[in-house]
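Okay, structure first, notes after.
The values are calculated or read from the model by the stated rules, or taken from the named source; none is laboratory data. All values derive from a computational prediction rather than experimental measurement. Here the Cβ is made from the backbone with ideal geometry for all residues, glycine too, and neighbour counts use every protein chain on show.
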Amino acid sequence: MICVSIARGRHRHVKAEHKHLVEQGAKLVEIRLDYLRRQINLKRLLHNRPCPVVITCRRAEDQGKWTGSEESRMMLLRAAIAEGVEYVDLEEDIADKIPRYGKTRRIVSLHNYRDTPDDLDAIHARLVNRDADIVKLATMANHSHDNIRMLQLVQNATVPTVGICMGEIGTPSRILAGKFGAPFTYATFHHERTLAPGQLSFRQMTQIYHYEDINPDTQVYGVVGDPIGQSLIPVVHNAAFSILDINAVCVPFRVPGESLGPFLREHNELGIRGLSIAAPHKETVLNYLSKVDKAAEKIRAVNTVVFHEDGQPYGYNTDYRAAMAGLVKGAGVKRRQALEGKRALVLGAGNIARAVVFGLHEAKADIIIAARTFEQARELAEYSESRAVEWARRKDVETDILINCTPVGMHPHVDETPFEGAQLRRGRIVFDTIYNPEQTMLIKQARDKGCRIVTGVDMFVRRAALQFKLFTDQSPPADVMRLALKRATGAARF
């Protein structure tokens, strides 16, 4: 179950959001009394409530908005209990001062916005002893291991426990709470009105992560990077899991570089079966793998890790296969060998560029590389037996294929382009690996010039579909993944 927090300044807005959330499927809401700006009328808030509620009133020292006296705050909480509210949230230091009454269940909570303490078990035991029906622990995650510690505490607790790690590193604890036995997790009404670091919206929890379907048998997949909050990998994989009725969830894991090794070694603690690898880990992950495929070895980068039955991590690179499949389609040919001898200008020298260059080299294309840092372009050119040119001279190169592997033109800088439209000519294949937006300035200008185009959405979906096959050994629903991606980037309507 998801408890959705409502924090509004006016009673009528609280009532309206409560009603709207229930219409959207919410089964429990938290009403934050400390956000109300006028005299609080509990009877008005609670009369004919459409679903059970948690009443919470946080002090400023607990990151709340309450500015009144402590005596008035405790009177409000006692009044809520007298009104028969389903749950009341009490901080540890006041739990003994507010006696149990009626059927109201007591959530005894502790919030730590600095770190996740080493003595979690002892803290939990203290809260249990405050006559708790439910214990709530919310701590700041500074290490990916904090999620494991918190979720294991939830799983082993004899009293129902909501354990949350805050911050972007802690987001997995919110999504996986149900897998480890938490009675509920928390979400916010809207993603732009988060009440705690790392909190997701009710819509994200239900429509992207399908939280209500997560159970102890749910298989866990993820995307690992730093940062990772804007990744759309969970969007497409979770859409595919849902349509195929696979009991699995894809979770974003923010893992700083120094934590990558320990995170991979502890994968089984969270039930992780496979990972999509994002920046900056595509190269360093090679140090922790038992085996890699030929492409990943040649490219020196991995974007997919699968934990086999023996528990060993195997690495793959689906970037190059996705890129080449898109190029073959864009060229209107059936096999990549048809690209032999074609002159291709690759813009950029990062991981995506290396994958593209590897594929072009396998196809025996004539490759020229231009990057804003010439040394990087020259290094990649030497490794791939290609040529490098200065960034300023890229427009002077006559080519059959132009591939942008830089972030120039990515949202929000949608008016930028790495290659002016005046330099494009009819019939050239133009491939932009950027997927947000799909219709970049480069793609728009290439279409206007009569070029054959390949978009980043095409590559993103192909890459994710190949990952999905490696993860599940099932045929991926590419159309579903494509639609989910376009909806997430605003290119298609819900």
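Across the stretch 247-282, which residue is surrounded by the most Cβ atoms within 10 Å (Cβ to Cβ) among those that are in a helix (DSSP H, G or I), without any contact (Cβ under 8 Å) to a residue 40 or more places away in the chain and not acidic (D, E)?
L260
Show the residue pairs that are 6+ apart or on different chains and have beta-carbon atoms under 6 Å apart, the first residue being within the stretch 339-351 and within 18 Å of F374 (Cβ to Cβ), the second being at pLDDT 95 or above and in a strand (DSSP E or B).
Once the first residue is within 18 Å of F374 (Cβ to Cβ) and sits in the stretch 339-351, its partners that are at pLDDT 95 or above and in a strand (DSSP E or B) give L345/I368; L345/L402; V346/I369; V346/I403; L347/A370; L347/N404; G348/A371; A349/A371.
Mind checking which residues of the stretch 431-445 are in contact (Cβ under 8 Å) with a residue 40 or more places away in the chain and either among the hydrophobic types (A, V, I, L, M, F, W, C) or touching a Phe, Trp or Tyr at 6+ places or on another chain (Cβ under 6 Å) (or both)?
Correct list: F431, Y435.
For the stretch 142-157, which residues satisfy the criterion of being touching a helix residue (DSSP H, G or I) at 6+ places or on another chain (Cβ under 8 Å), within 21 Å of N215 (Cβ to Cβ) and not small (G, A, S)? Quick ask: steps written out before the conclusion?
Step one: filter the stretch 142-157 for residues touching a helix residue (DSSP H, G or I) at 6+ places or on another chain (Cβ under 8 Å), giving 142-155, 157.
The next check asks that each one be within 21 Å of N215 (Cβ to Cβ); those that pass are 147-148, 150-155, 157.
Once the filter is applied, which keeps residues that are touching a helix residue (DSSP H, G or I) at 6+ places or on another chain (Cβ under 8 Å), within 21 Å of N215 (Cβ to Cβ) and not small (G, A, S), the stretch 142-157 yields N147, I148, M150, L151, Q152, L153, V154, Q155.
Which pairs do you get when a residue that is over 15 Å from K65 (Cα atoms), found in the stretch 24-52, comes within reach of a residue that is basic (K, R), reach meaning Cβ atoms under 8 angstrom, with the pair 6+ apart or on two chains?
Sorted first by the residue in the stretch 24-52, then by its partner, the pairs are Q24/R203; R44/K15; L45/K15; P50/K19; C51/K27; P52/K27.
Do you know which residues across the stretch 442-457 are within 14 Å of C405 (Cα to Cα) and out of contact with any Leu (no Cβ under 9 Å at 6 or more places or on another chain)?
Passing the criteria: I443, T455, G456.
Here is a list: S384, S290. Which entry is modelled with pLDDT under 95, surrounded by fewer than 16 Cβ atoms within 10 Å (Cβ to Cβ) and either hydroxyl-bearing (S, T, Y) or within 30 Å of P252 (Cα to Cα) (or both)?
Being modelled with pLDDT under 95, surrounded by fewer than 16 Cβ atoms within 10 Å (Cβ to Cβ) and either hydroxyl-bearing (S, T, Y) or within 30 Å of P252 (Cα to Cα) (or both) holds for just one of S384, S290, which is S290.
Just to check your reading of the model, which residue among K329, K298, K334 is at pLDDT below 95 and outside the structural domain of V389 (by TED's automatic domain parsing)?
Numbers: K329 fails: outside the structural domain of V389 (by TED's automatic domain parsing); K334 fails: outside the structural domain of V389 (by TED's automatic domain parsing).
Going through K329, K298, K334 in turn, just one is at pLDDT below 95 and outside the structural domain of V389 (by TED's automatic domain parsing): K298.
Identify, from the list L45, L90, L76, the residue that is touching a strand residue (DSSP E or B) at 6+ places or on another chain (Cβ under 9 Å) and either part of a strand (DSSP E or B) or among the hydroxyl-bearing types (S, T, Y) (or both).
Unique residue meeting the criteria: L90.
Identify, by number, the condition in (1) assigned to a strand (DSSP E or B); (2) within 27 Å of M410 (Cβ to Cβ); (3) over 11 Å from the mean Cα position of the chain (by Cα); (4) not hydroxyl-bearing (S, T, Y) that A240 doesn't meet.
Unmet for A240, out of (1) assigned to a strand (DSSP E or B); (2) within 27 Å of M410 (Cβ to Cβ); (3) over 11 Å from the mean Cα position of the chain (by Cα); (4) not hydroxyl-bearing (S, T, Y): (1).
Find the residue count for the stretch 452-464, including only residues that are buried (at least 22 other Cβ atoms within 10 Å of the Cβ) and over 18 Å from G409 (Cα atoms).
4
Filter the stretch 57-82 for residues that are modelled with pLDDT of 95 or more, among the charged types (D, E, K, R) and either surrounded by fewer than 16 Cβ atoms within 10 Å (Cβ to Cβ) or outside the structural domain of V29 (by TED's automatic domain parsing) (or both) and give the result.
Result: E70, E71, R78.
Pick from the stretch 1-50 the residues that are among the charged types (D, E, K, R) and touching a helix residue (DSSP H, G or I) at 6+ places or on another chain (Cβ under 6 Å): which of them is surrounded by the fewest Cβ atoms within 10 Å (Cβ to Cβ)? Spell out how you get there, then give the answer.
First, the residues of the stretch 1-50 that are among the charged types (D, E, K, R): 8, 10, 12, 15, 17, 19, 23, 27, 30, 32, 34, 37-38, 43-44, 49.
Pick out the ones that are also touching a helix residue (DSSP H, G or I) at 6+ places or on another chain (Cβ under 6 Å) and you get 8, 44.
Details: R8: 19, R44: 11.
Result: R44.
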